[in-house]
């Protein structure tokens, strides 16, 4: 496709959008084919044609660099489809135009090819809003550097601004994720971490950029960040690199790097604009307190990160705590999140993931860890490998994979669940395998639909195919060539047969893969068969004891009253056994679904 010539257009990209809409195609698949252009100069508040007969030339740098004048260009062009395999492009920035010859580029050989090549370059420049000037000089540069490109790409600067130089540098770039230069950054870092680099400032110069706009460059001095003896600075030609000498907190705000191993705060609020980030495996400690019992030690929306965190007070909504060791002498909001390895907490109302956790009271909190010690539980979802609860009240789900002990069960409507997902590590592995298994089932379902469709075609065409085979056989016996339609139709049937066999083999492979995944999941679940639940006293309300497997999918529950004792799962009878403590008696609990 190529349109008729479109005349006297200032904004070629607006025309490309219109053509793309009419042709119902992507604008990126179109380009212009430049035919000619006209340059205008603005003097005394009005544009007029550049008067070449009076000696005015767009290539005259004195004229072009006069800041009192303005220039614009209009273009005559066609619109055409862009070739998909073009091995050159034009790169532009404020100061220069660069011709990019890609690996495999073959140079044009004659004058016609060269002129077409250069016209395409100018067309691309116009689409990128580059002001066209010094085209003869550009052609000389291209001709001097034009060659076949092998092994690696070639870059040729074909135009550079006469006076204008863009100011560069004066910028601080961090190598640490999630650093916001507008915030008060507190970064937990290990020893000798490359923190940031300051790109040295290079002054610019006023003049016209490649788009024909006059730019007044103001060179304002930008200072590099200040720092103390806790940092090591490497001075390169182009930039300064900042390293911390020791493991700890690196704070950055007001263009200043400071270092601490311990920090103390009171009543951190979102408006304080602190940004905690970095690595918890560092020598870092934060202590946070409060000025009053009705004010949260950590206000809503704040994130805190450190190796060791001590909080003397409550934490608000949407607070996120990330640590290796946490001590919370207060309560967490129901919409808070704690990620830690070890924790000691007064009251948990929010969400927590950890390894070894000790809690005084859980009140509708959600917790997932490996070892859990709790004094009182009154509502919530608890999941751990090993759980020890002193007093359990109402409305809690307790999931475990190895051992659960309740000293005193004082309430009802609780669920105590034997499940392999109580082990965090196993849960992750099982979930990954389960996703893989589900994808295999989905793939097989699609495959079976294809096979069913092909078998339908096979049954439909089998009789005709047998007849065609016999007819083709007779032609061969007579040493004649069978008609092409016979051969084509018979080959079509053979392709169906071939495809059915291929898909059935693939189906067998999928069955094998599914069996392997299912075997792995079943193997990972073995821990739960050795699990036990002990309730030492209490249990005067209705509570459920549940045994759960991921594969085969089993969820069976039995509501029990007066159930103190030991519980375990017997694989042979496929029942949960209730063994009364201190009494030589045991009871089998029916478990439906096994």
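What follows is calculated from the coordinates using simple rules that are stated; it is not laboratory data. Note that the coordinates shown come from a computational prediction; the quantities given were computed from them, not determined experimentally. Cβ sites come from the backbone with ideal geometry, for glycine too, and all protein chains shown count toward neighbours.
Can you give me the angle between helix 484-524 and the longest principal axis of the chain, using Cα atoms only, in degrees from 0 to 90, rounded to the nearest 10?
50 degrees
Sorting 425, 53, 323 on the 10 Å Cβ count, fewest up front, what's the list? Intermediate values should be presented prior to the final figure.
Numbers: 425 10, 53 6, 323 26.
Placing the least packed residue first, the sequence is 53, 425, 323.
Could you tell me how many cubic angstrom of Cα convex hull volume the stretch 1-82 has per residue? Mind showing how you got there, number by number?
Numbers: hull volume 9.6 nm³, N = 82.
Dividing the Cα hull volume of the stretch 1-82 by its residues yields 117 Å³.
Which value does Rg/Rh take for the chain over its C-alpha atoms, Rh per Kirkwood? The partial results should precede the final answer.
Details: Rg = 38.1 Å, Rh = 32.9 Å.
Radius of gyration over Kirkwood radius for the chain works out to 1.16.
Given the stretch 268-423, what percent of its DSSP beta bridges are antiparallel, to the nearest 5? Each step should come with its number before you reach the end.
On the way: 0 of 65 bridges.
Counting DSSP beta bridges with both partners in the stretch 268-423, the antiparallel share is about 0 percent.
Restricting the count to DSSP beta bridges whose residues both fall in the chain, what percent are antiparallel, rounded to a multiple of 5? Intermediate values should be presented prior to the final figure.
Numbers: 78 of 164 bridges.
Bridges in the chain are about 50 percent antiparallel.
Which of the peptides 374-384, 181-191, 23-33, 473-483 is most tightly packed, and how do the rest follow, going by the mean number of other Cβ atoms within 10 Å of each residue? Walk me through the numbers on the way to the answer.
Working: 374-384: 21.6, 181-191: 18.5, 23-33: 14.6, 473-483: 10.6.
Ranking, from highest mean packing down: 374-384, 181-191, 23-33, 473-483.
Find the relative contact order for the stretch 1-82 and round it to a whole percent, using C-alpha pairs within less than 8 Å whose residues are 6+ positions apart.
On the way: 119 pairs, mean separation 41.1, N = 82.
Dividing the mean separation by the residue count of the stretch 1-82 yields 50 percent.
For the stretch 208-275, what is the relative contact order in percent, using Cα pairs closer than 8 Å and at least 6 residues apart in sequence? Walk me through the numbers on the way to the answer.
Numbers: 56 pairs, mean separation 15.3, N = 68.
Relative contact order for the stretch 208-275 comes out at 23 percent.
Could you give the distance between the Cα centres of the stretch 1-67 and the stretch 329-405, to the whole Å?
70 Å
What ranking of 38, 120 emerges when the number of other C-beta atoms within 10 Å of each C-beta is taken as an exposure proxy, fewest first? Intermediate results must be reported in sequence, preceding the final value.
Numbers: 38 13, 120 19.
Fewest-to-most Cβ neighbours within 10 Å comes out as 38, 120.
In nm, to one decimal, how far is the modelled label at residue 110 from the one at residue 38, with both set 7 Å along Cα→Cβ?
3.4 nm
Out of all DSSP beta bridges with both ends in the stretch 133-274, state the antiparallel percent to the nearest 5.
Values: 28 of 30 bridges.
That works out to approximately 95 percent antiparallel.
Any idea what the relative contact order of the chain is, in percent, if you count C-alpha pairs under 8 Å spaced at least 6 apart? Could you put the intermediate results ahead of the total?
Working: 1311 pairs, mean separation 38.2, N = 594.
Dividing the mean separation by the residue count of the chain yields 6 percent.
How do 533, 493 line up, fewest other C-beta atoms within 10 Å first? Could the numbers behind the result be given before it?
Working: 533 23, 493 19.
Ranked by crowding around the Cβ, least crowded first: 493, 533.
Could you give the alpha-carbon Rg of the stretch 358-594 over 2.2 N^0.38 Å, rounded to two decimals?
Details: Rg = 29.4 Å, N = 237, 2.2 N^0.38 = 17.6 Å.
Scaled against compact globular proteins, the figure is 1.67.
Mind checking the angle between helix 424-477 and the chain's longest principal axis? C-alpha axes, 0 to 90 degrees, to the nearest 10.
The two axes meet at around 60 degrees.
If the stretch 373-421 were replaced by its equivalent ellipsoid, with semi-axes equal to the square roots of 5 times the Cα gyration tensor eigenvalues, what would those be, largest first, whole Å? Mind showing how you got there, number by number?
Working: eigenvalues 52, 27, 13 Å².
Each semi-axis is √(5λ); the values are 16, 12, 8 Å.
Rounded to the nearest 10 degrees, what's the angle between the helix 111-127 long axis and the longest principal axis of the chain, both from Cα atoms, 0 to 90?
Computed tilt is about 60 degrees.
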